[in-house]
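Each remark here refers to the structure printed beneath this line.
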Amino acid sequence: MSFPDIAAALRAKMPALRGRLMANQPLDELTWFRVGGAAQLLFMPEDEADLAYLLVHLPGEVPVAAIGLGSNLIVRDGGVPGVTIRLGRGFGEIAVENTDIRVGAAVPDVKVARAAQEAGIAGLSFLRGIPGAIGGALRMNGGAYGRETKDALIGARAVDRSGRIHVLGNIDMHYAYRHCGVPDDYIFTQATLHGERGDPAVIAAEMDKITESREATQPIKSRTGGSTFKNPPGSKKAWQLIDAAGCRGLRVGDAQVSELHCNFLINLGRATAADIETLGETVRRRVKDYSGVDLEWEIRRIGVPK
């Protein structure tokens, strides 16, 4: 789907805009699944002030979506109307302050874990097991290997749809399992995380174990989106329910439930976003029929069907 080009009109309205504003920009290569349509407008702000400037001047009827590294995302085949915001180099700072680490929202989680290890800060190794960037971890209370973002977060900064900047403490995030209670229109720009003093060699060994575990149990070398569904309340995990319902290896087109870990969907090469989403909904229906459990998507889905 090709959207009307509104880039020139918006640029004229925002003469001080510094970031890149690109019309009908393909998004498939920005997602780990490598599927999906184009953004009507893709905006890559220079910094937090530039992001706020755009949002202050953007007409209220223009929808806004924010994406990160695309590791936990399905962009639908018809593309994303309005402005899609992707944070880049201006949000890539890492600053170590004693046992705290302040990072931009575009910094990959694994890079934060590595920086903490090099600085001898323990307690942040779990980030090695989370694909994506810090902005996504903030938005979904990302977690792995026994810890969640809420366990390490001191505070965050965000810009809302009106361009207002918010400084948030941990309590303001209203965190629950894979859930953040901050309004959906907040775009996170920075986080400050807290750890404790540790031995860099011990921390490195812990990170190596996480890496080995992921490589052995998850299809990380495939085109995937990470864990597809949240673990429901109760003793059984999502993958166990999916397996019990006979969905391991299930296919729709070139989309498949991973044989290695059946809470992962993979693109075998030519899947569409519709194939992947249809497969996910098929899994949900089969699990519901088999066990009575309603699985909730963990992967975010944006845009419109083709």
### Fraction of alpha-carbon pairs over 30 Å apart in the chain - percent
35 percent
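Pairs of Cα atoms under 8 Å, at least six residues apart: use those to get the relative contact order of the chain, whole percent.
18 percent
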### Query
Once the other residues with Cβ under 11 Å from the Cβ of Leu58 are scored (Lys, Arg +1; Asp, Glu -1), what is the net sum?
+1
### Task
Using +1 at the Cβ of each Lys and Arg and -1 at the Cβ of each Asp and Glu in the chain, identify which of Trp239, Ile101, Tyr145 lies farthest towards the dipole's positive end.
Trp239
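Within the set Lys111/Lys288; Lys209/Lys288; Lys150/Lys236; Lys209/Lys236, which residue pairs have Cα atoms separated by over 32 Å?
Violating the 32 Å limit, Cα to Cα: Lys111/Lys288; Lys209/Lys288.
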### Net dipole in debye of the chain [+1 Lys, Arg Cβ; -1 Asp, Glu Cβ; about Cα centre; nearest 20]
560 debye
#### Entry: Gained length - Val202 relative to Val56, 0.36 nm times residue gap less alpha-carbon distance
47.9 nm
### Query
Dimensions of the stretch 239-287 along principal axes (Cα, Å, largest first)?
27, 21, 11
### Message
Over the Cα atoms of the stretch 1-53, each weighted equally, I'd like the Debye log10 I(q)/I(0) at q = 0.13, 0.24, 0.25 Å⁻¹, rounded to two decimals.
### Response
-0.36, -0.93, -0.96
### Message
What distance in nm lies between label points placed 7 Å from Cα along the C-beta direction at Met22 and Asp294?
### Response
3.9 nm
### Options Gln40, Leu124, Ile134, ranked by Cα towards positive dipole end of the chain, top entry (Cβ charges)
Gln40
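Largest first and in whole Å, what are the equivalent-ellipsoid semi-axes of the stretch 91-202 based on the Cα gyration tensor, each being the root of 5 times an eigenvalue?
Taking √(5λ) for each eigenvalue gives 23, 14, 12 Å, largest first.
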### Query
Are there trypsin sites (Lys or Arg not before Pro) in the stretch 191-291 that DSSP marks as loop and that have at most 11 other Cβ atoms within 10 Å, and which are they?
Lys221, Arg270
### Task
Starting from the Cα of Lys221, draw a straight line to each of the aspartates and glutamates and keep only those under 15 Å, dropping any in the same chain fewer than 8 residues away.
Glu212, Glu259
### Summary
Mean projected area, convex hull of alpha-carbon positions in the stretch 31-106, reported to one decimal in nm², is 6.1 nm²
### Query
When only DSSP loop residues count, what GluC sites (Glu not before Pro) in the stretch 234-284 have their Cβ near at most 13 other Cβ atoms within 10 Å?
Glu259
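Only the coordinates and a few stated rules stand behind these numbers; no lab work does. Quantities reported herein were computed from a predicted structural model and do not represent experimental measurements. Every residue, glycine as well, gets a Cβ built from its backbone with ideal geometry; the counts of neighbours run over all protein chains shown.
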